[in-house]
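The values are calculated or read from the model by the stated rules, or taken from the named source; none is laboratory data. Predicted, not measured: the structure shown is a model, and the values here were computed from it. As a convention, Cβ positions derive from the backbone with ideal geometry for all residues, glycine included, and neighbour counts pool all protein chains shown. Calculation scope for accessible area: heavy atoms of the full protein, side chains included, ligands and nucleic acids excluded. Shrake-Rupley method; radii C 1.70, N 1.55, O 1.52, S 1.80 Å.
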Amino acid sequence: MKILLIGHGKMGKAIEEYAIQRGHSLVATVDVNDTLMPTLAEQADVAIEFTHPEAAFENIKFCLEHNLPVLSGTTGWLDKLSEIEKICQENDGTFLYASNFSIGVNLFFKLNKFLAKLMSPHDLYKPSMVEVHHTHKKDAPSGTAITLAEGVIEEHKGYSSWKNDSNVKDNEVPITSERIGEIPGTHKITYKSEVDQISIEHEAYSRDGFVQGAVLVAEWLPAQKGVVKIDDFLKL
């Protein structure tokens with residue numbers, strides 16, 4: 001498979017290494033400030049986009065307008081997601097966004113929803129979330145934390161929004177964001193009452209889970225059409 005890799009930071013470099021290990025070739029590695037050329041899209045089978053919130057929209061739009069299937073793991077730009085989905089449909093393209101490509105994290109998303117549904121009738125338990133990442137991460141809360149909060153809101157009748165603060169209204173899920181050292185990513189959800197608490201947690205040991213998932217999804221994506229989700233890939 002021929003890959004156009006958009007974003008050559010730590011994540012991009014790790015994806016490049018793993019993709020080559022799996023026998024793929026890179027048409028080009030395009031960094032944040034580089035210009036995307038139509039010839040690159042013509043040569044590639046799929047694009048993998050891991051850049052910055054400020055760059056993601058234009059990068060994805062470029063791929064969709066040049067008939068190149070694209071997956072993105074860039075977080076912090078989702079206010080424009082519906083616009084990208086419309087562009088994908090207008091161009092009969094293929095697009096997948098995931099806040100996290102780790103298989104373990106996506107299973108954790110399902111566990112989170114299941115727990116929220118169980119806890120919904122028990123309003124003595126109040127949910128909260130803590131997410132911890134490396135100091136280089138620019139957005140807060142993380143895209144993974146937002147997905148988890150949305151899962152709680154979807155399944156728990158007592159909550160309709162989230163807030164990146166510990167001071168919240170009764171219907172808001174509080175998210176605390178911490179940026180420490182080189183921590184790849186930890187997400188912990190706690191339901192606390194006056195007498196006890198229940199917690200679930202996912203801790204990434206390295207970027208490897210994210211990297212492997214992104215490349216495996218990229219292998220699957222060219223055979224798909226339209227706006228697809230990682231749940232489609234995992235058959236969840």
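Could you look through the stretch 44-67, keep only residues that are assigned to a loop (DSSP other than H, G, I, E, B) and under 13 Å from the mean Cα position of the chain (by Cα), and pick out the one that is modelled with the lowest pLDDT? Before you say what the answer is, go through the steps one by one.
As a first pass, look at the stretch 44-67 and keep what is assigned to a loop (DSSP other than H, G, I, E, B): 44-45, 50-52, 66-67.
Then keep just the ones that are under 13 Å from the mean Cα position of the chain (by Cα); that gives 50-52.
On the way: Phe50: 94, Thr51: 93, His52: 90.
So the residue we want is His52.
When residues of the stretch 11-21 are filtered for being open to solvent by 60 Å² or more (accessible area, probe 1.4 Å) and over 16 Å from Ala44 (Cβ atoms), how many remain?
Quick first cut of the stretch 11-21, residues open to solvent by 60 Å² or more (accessible area, probe 1.4 Å) only: 13, 17, 20-21.
From what's left, over 16 Å from Ala44 (Cβ atoms): 13, 17, 21.
Residues that pass the stated criteria total 3.
Among strands (runs of 3 or more DSSP E) lying entirely in the stretch 68-148, which contain 1 or more residues that are modelled with pLDDT of 95 or more and either open to solvent by 40 Å² or more (accessible area, probe 1.4 Å) or in contact with a Lys or Arg (Cβ under 6 Å, 6 or more places away or on another chain) (or both)? Before you say what the answer is, go through the steps one by one.
Working: elements: 70-72, 94-97, 126-133.
Output list reads 94-97, 126-133.
Being free of Cβ contacts under 8 Å to residues at least 40 places away in the same chain and among the hydroxyl-bearing types (Ser, Thr, Tyr) is the filter; apply it to the stretch 33-55 and report the residue that is least open to solvent (accessible area, probe 1.4 Å).
Thr39
Right, Leu221: among the aliphatic types (A, V, I, L, M), open to solvent by less than 30 Å² (accessible area, probe 1.4 Å), under 18 Å from Met119 (Cα atoms) and out of contact with any Gly (no Cβ under 9 Å at 6 or more places or on another chain) or not? Quick ask: steps written out before the conclusion?
Details: among the aliphatic types (A, V, I, L, M): yes; open to solvent by less than 30 Å² (accessible area, probe 1.4 Å): yes; under 18 Å from Met119 (Cα atoms): no; out of contact with any Gly (no Cβ under 9 Å at 6 or more places or on another chain): yes.
Against the criterion (among the aliphatic types (A, V, I, L, M), open to solvent by less than 30 Å² (accessible area, probe 1.4 Å), under 18 Å from Met119 (Cα atoms) and out of contact with any Gly (no Cβ under 9 Å at 6 or more places or on another chain)), Leu221 does not qualify.
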